[in-house]
Amino acid sequence: MTTMQNMLKNPDANLVLALADDLLMLGHVQGDWTGLGPILEEDIASSSMAQDDLSHALVLYEHLGAHFGIDADVIAYERDIADYRCCDLVTLPDEFDWAVAFVRRWVISHWAAPVLDRLTKSDDQDLAERCLRLRAEQSLHLTYLDDWMHRLGSGPDEGRTRIQTALDTIAEHAGMVMEVPDRDLADIEAFCCGREELFNEWTTAMNVVLEHAGFTMTFPLPALDAFGGRRGTHAPHFHEQHAEMTEVRCADPGATW
Amino acid sequence: MSGAANPVMTIDPSEEDQDKLAEFESRIADGVLIEPGDWMPQAYRMGMLRMAEHHANSEIVGALPEGEWITRAPSLRRKLALTAKVQDEVGHGQMLYRVSQDLGKSREDMLRDLCTGKTKYHNCFNYPAPSWADIAMVQWLIDGAAIMNQKTLADGAYGPYVRTMHRINMEEAFHFKSGEDMVLTLMSGTKKQKAMTQEAFDRWWGPSVMFFGPHDKPNCENLPPMKWRMKTESNDSLRQRFVNRFAPAALDLGLVIHVCQKDEHGMVTSKTVDEQCRLDETTGNWGVTDPDWDEFFRVIRGNGPCNAHRVALRRFSYEQGAWVRRAIAGGATTLPPAA
Ligand SMILES: [Fe+2]
Ligand SMILES: [Fe+2]
């Protein structure tokens with residue numbers, strides 16, 4: 001087996017990869033907005049969060065890379081499409097609708113927080129320490145994004161309608177954040193300590209904010225055997241995003257950039 | 001990137017209160033910084049506004065060509081650095097719009113004028129960046145040129161603009177370093193990378209030499225823009241400094257300096273080695289073939305390879321974001337119909 005296959009067959013590594021790939025692709029798709037945000041100050045904050053997400057992905061890839069002997073960029077850029085563990089929500093195209101992009105990021109940030117909390121309790125000391133740092137930075141995103149949700153909620157109907165519409169769109173895909181990234185993991189009741197508990201913690205935290213802002217979003221926990229992006233069955237748009245992401249790097253394989 | 005503010009300025013101070021004008025000019029001669037609440041000639045206020053607004057526009061339009069490459073950056077570190085770099089440029093725009101606002105024009109008006117084509121931005125952003133190596137060239141040559149220009153602008157007389165230049169220049173230095181590192185990496189790389197870098201250099205060398213604007217008017221030191229220290233160095237002298245710094249650096253990297261013919265898309269159709277580009281031992285200056293100034297003015301008037309695309313993208317962003325501004329600030333205006 002290659003080092004890459006070793007990593008991909010490892011249940012713990014798959015959990016880390018799921019989060020890392022979500023953050024990588026979230027940072028990647030948000031990259032479209034840098035320089036084009038609706039308000040200069042928001043644009044700047046959005047780019048900061050994208051940098052955090054990308055560097056958090058890098059921190060996690062470096063952890064895996066050290067363990068399995070693979071370069072972090074090779075993990076990020078050079079896997080087969082089916083070996084990316086990101087869920088269908090992160091890569092959902094926003095079609096330059098800021099409401100969709102905002103809600104997508106808000107939902108993922110709310111998901112990353114409890115997952116990082118669990119990883120900080122990992123037996124793997126290196127992973128736990130890295131995740132503690134990431135958790136602190138993701139908390140800042142949550143504060144910022146929740147504040148925006150409140151402001152939009154107390155704003156005029158036009159904005160409220162757009163956000164509610166985006167929440168409805170996102171709700172159709174949000175459950176797949178809970179997709180178990182590896183078939184073998186399904187048996188061990190993975191995602192650290194109980195899938196239902198994680199789902200409840202995640203959705204409860206979101207609902208507190210939504211209720212206060214006057215929005216709603218409900219979706220069920222998908223069945224254990226539901227499969228999509230995390231198990232490698234990515235939507236067509238992920239293939240396009242991946243092609244774009246790797247375009248330069250793959251144009252001259254082996255080159256240093 | 002970005003911004004040399006080099007809008008071509010004609011200023012007529014003859015209609016000002018001559019006593020106040022004399023005091024104003026003596027303060028400037030004494031090196032006193034002018035603050036927003038101070039008396040200033042109307043022509044100075046208008047000139048500084050035009051300059052700061054043009055510079056702010058350049059920052060946020062300058063974010064566009066590089067912004068388009070964030071999603072294609074070939075490593076995580078480059079992706080992070082490029083995101084941070086483009087974010088800095090947006091931040092420069094934000095700071096410079098604030099300087100401009102204090103001179104009497106609202107941000108909303110400035111953004112609207114930019115995306116309706118009423119106001120301009122730096123000419124160099126009307127050229128295409130079709131490869132990753134172009135991003136390296138923009139950060140190396142254009143940010144390099146911007147630093148040279150902005151260092152002299154930081155020596156100007158208008159307090160808020162001068163302080164903003166000091167802050168911006170620290171970040172521009174990082175952009176330049178990153179560009180230098182990218183160019184060096186590419187030129188130490190594969191055959192393909194070197195070829196791609198030479199092609200990008202061919203596209204950007206001309207716009208970089210033109211960066212500082214056309215030849216100065218005779219006696220420019222005694223005309224208002226320089227006399228009032230809105231700018232502190234002539235275009236010709238800045239351009240010479242740029243060529244002295246970058247021509248030998250390019251040759252050291254193994255690049256060839258060409259005189260290029262380009263098509264309407266800004267792509268090179270033919271090129272010859274620039275025979276003028278060598279060190280004059282007696283003056284210590286590097287020569288360079290004088291750029292095609294007809295092209296410069298053609299591009300300024302809106303007929304460059306990417307003018308329409310850049311303005312359309314700004315307009316798209318402005319229109320897409322209107323509801324968000326209304327949602328949190330209320331009452332932002334909409335655009336008039338597209339021209
Ligand atoms: Fe810059
Ligand atoms: Fe800048």
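A short reminder: the numbers here are calculations on the coordinates, not readings from a lab. Everything quoted here is computed from the prediction, not taken from an experiment. A quick note on method: Cβ atoms are made from the backbone with ideal geometry, for glycine too, and the neighbour counts reach across all protein chains shown.
A straight chain from A:Phe96 to A:Ala226 at 0.36 nm per residue would run longer than the Cα-Cα distance by 43.9 nm.
Largest mean-square fluctuation among B:Asn285, B:Asn219, B:Asn126, in a Gaussian network model of chain B whose springs join Cα atoms under 10 Å apart, belongs to B:Asn219.
Going by C-beta contacts inside 10 Å, put B:Cys124, B:Cys260 in order with the fewest on the left.
In increasing order of surrounding Cβ atoms, one gets B:Cys260, B:Cys124.
Averaged over residues, the count of other Cβ atoms within 10 Å places the peptides B:294-306, B:262-274, A:4-16 in the sequence A:4-16, B:294-306, B:262-274, highest first.
Nearest 0.05, what FRET efficiency do A:Asp71 and A:Glu158 give at R0 = 56 Å with Cβ-Cβ as r?
Result of the calculation: an efficiency of 0.70.
Per-residue mean of foreign Cβ neighbours for A:148-159 is 3 (Cβ atoms of other chains, 10 Å radius). For the pair B:Asp102 and B:Glu281, label points projected 7 Å from Cα toward Cβ lie 5.2 nm apart. Simple spin-label estimate for A:Ala243 and A:Leu140 gives 3.7 nm between the two label positions (7 Å along the Cα-to-Cβ direction from each Cα). The calculated P(r) of region B:96-192, using every Cα pair and 10 Å bins from 0, goes 14, 33, 35, 14, 4, 0 in percent.
Sorted largest first, the principal axis extents computed over the alpha-carbon atoms of the protein assembly as shown equal 83, 56, 43 Å. Compactness ratio for region B:242-294: Cα radius of gyration over 2.2 N^0.38 Å (N = residue count) comes to 1.24. In chain A, the DSSP-assigned H stretches of four residues or longer account for a calculated mean residue ellipticity at 222 nm of -22000 deg cm²/dmol, using -39500 (n - 2.57) per stretch and the full residue count as denominator. Projected onto its three principal axes, the C-alpha set of chain A covers 57, 41, 33 Å, listed from the longest axis down. Helices of chain A meeting both criteria, an alpha-carbon length of 30 angstrom or more along the long axis and an average Kyte-Doolittle score not below 0.5, with helices taken as full DSSP H segments, are A:98-119. Spread over its residues, the convex hull of the C-alpha atoms of region A:25-97 is 91 Å³ per residue. Mean partner shielding of peptide B:82-95, defined as the number of other chain Cβ atoms within 10 Å of each residue Cβ, is 5.
Inter-label distance, B:Val273 to A:Asn207: 7.5 nm, where each label sits 7 Å from its Cα along the C-beta direction. For region A:85-122, the residues whose backbone nitrogen is under 11 Å from a point 7 Å from the Cα of A:Glu197, taken along Cα to Cβ, are A:118. Report note on the peptides A:70-80, B:56-66: ranked by the mean count of other C-beta atoms within 10 Å, highest first, their order is B:56-66, A:70-80.
For the segment A:44-54, counting C-beta atoms of other chains within 10 Å of every residue's C-beta and taking the mean gives 4. For a straight C-alpha distance cut-off of 18 angstrom, the lysines reachable from B:Lys85 (same-chain residues fewer than eight places away being disregarded) are B:Lys177.
Based on the Kirkwood approach, the hydrodynamic radius assigned to region B:7-329 is 20.7 Å, with every pair of different Cα atoms included. Among B:His166, A:His56, the order by Cβ neighbours within 10 angstrom, fewest to most, reads B:His166, A:His56.
Relative contact order, whole percent, for region A:3-251 stands at 25, derived from Cα pairs under 8 Å and 6 or more residues apart.
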